[in-house]
1. When ligands, DNA and RNA are left out and all protein chains stay put, how many square angstrom of accessible area per residue does the chain have with a 1.4 Å probe?
2. Short version: ³J(HN,Hα) in whole Hz for each residue of the range 185-192, in order, from phi by Karplus 6.51 cos²θ - 1.76 cosθ + 1.60 (θ = phi - 60°), x for Gly and Pro, what are they?
3. Quick query: amide H of Val207 versus all other amide H atoms, modeled in the peptide plane; which residues come in under 5 Å with a sequence gap of 5 or more or a different chain?
4. When the chain is modelled as a GNM with alpha-carbon springs shorter than 10 Å, which of Gly25, Gly158, Gly63 fluctuates the most?
5. Which one, Ile50, Ala116, Val252, is farthest towards the positive end of the dipole of the chain when Lys and Arg carry +1 and Asp and Glu -1 on their Cβ?
6. Short version: ³J(HN,Hα) in whole Hz for each residue of the range 108-117, in order, from phi by Karplus 6.51 cos²θ - 1.76 cosθ + 1.60 (θ = phi - 60°), x for Gly and Pro, what are they?
7. If you add up the charges near Val64, with Lys and Arg at +1 and Asp and Glu at -1, over every other residue whose beta carbon is less than 11 angstrom from its beta carbon, what do you get?
8. Nearest 500 deg cm²/dmol is fine: what mean residue ellipticity at 222 nm does the chain get from its DSSP H runs of n ≥ 4 alone, each adding -39,500 (n - 2.57), divided by its residue count?
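The values are calculated or read from the model by the stated rules, or taken from the named source; none is laboratory data. Values in this document were obtained by computation on a predicted structure and should not be read as measured data. Note: ideal-geometry Cβ built from the backbone for every residue, glycine included; neighbour counts use all protein chains shown. These area figures cover heavy atoms from the full protein model, side chains too; ligands, DNA and RNA do not enter into them. Shrake-Rupley method; radii C 1.70, N 1.55, O 1.52, S 1.80 Å.
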Amino acid sequence: MIDKTYASAAEAVADIPDGASLAVGGFGLSGNPIALIEALLAQGTRELSIVSNNCGVDDWGLGVLLNAQRIRKMTSSYVGENKEFERQFLSGELELELTPQGTLAEKLRAGGAGIAAFYTQTGVGTQVAEGGLPRRYDGAGGVAVASPQKHVRTFAPGGAEGEYVLEEAIVTDYALVHAARGDVHGNLVFHKAARNFNPLAAMAGRVCIAQVEELVPAGELDPDSIHLPGIYVHRIVEVGTDIEKRIERRTVTVADALTSPDGTPREIPEGA
């Protein structure tokens, strides 16, 4: 069996050219392949077309590529946490293909499974199906590029007739993903929320590059615990368990809010 390990993130992404398409894992800031993203930033790759649930925040995740103006187009379902994203989109610097979240997930999975397209009820009766969603602005408030109309057909699964819109699968040149554990053959195990989009992004990439916190020898992972088989993964690099992980929105209980990190009670101002 092939050993798919690479010595560094920089080596693993070294051949990604300008203009490449990438499927990038992550859900919010959970499971962002930040070491691979930063390596891509450092090597100067430009004009990227990226498929990812979101585009990180201004200074983390895909946001670091966006801030450096390395991204030409985003295909995403949620873009509300990044002010620079808003600025670039409204100014006409960035193209956006806004896609319902479940549809985006299935488009990635279908691409990896060899399914060219599928029909879904999501988006029927809206601009998702009828077209006209702004994809690129002209910088003066007008729409330079709008989404096209999609094919709609009537089906009756289970006897209930309804309209369904045709959605094409997504296949990208590369995929960048983050996993908690992996072996030298590329079998991956994800941790909790990081599992939401990382396996799907991995499936969609013709060349999948995975960063893992812990790399183990072949045979050490329980086969029943593997979330993504190594057949989808082509390169793997270990980044360590101490890699920085950020939280998009920290939520604490009342008890946590009233307690300092050292366990002593906080002083709460009157009226707070």
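1. Numbers: 13510 Å² over 272 residues.
I get 50 Å² per residue for this part.
2. 8, x, 5, 10, 10, 9, 10, 6
3. The list, which skips near neighbours in sequence, is Tyr174, Ala175.
4. It is Gly158.
5. Result: Ala116, furthest along the dipole toward the positive end.
6. Values per residue, Gly and Pro as x: 5, 5, 4, x, x, 8, x, 9, 6, 6 Hz.
7. Numbers: positive: Arg70; negative: Glu38, Asp58, Asp59, Glu84.
Within the 11 Å Cβ shell, the charges total -3.
8. On the way: 8 runs with 56 residues, N = 272.
That comes out to -5000 deg cm²/dmol.
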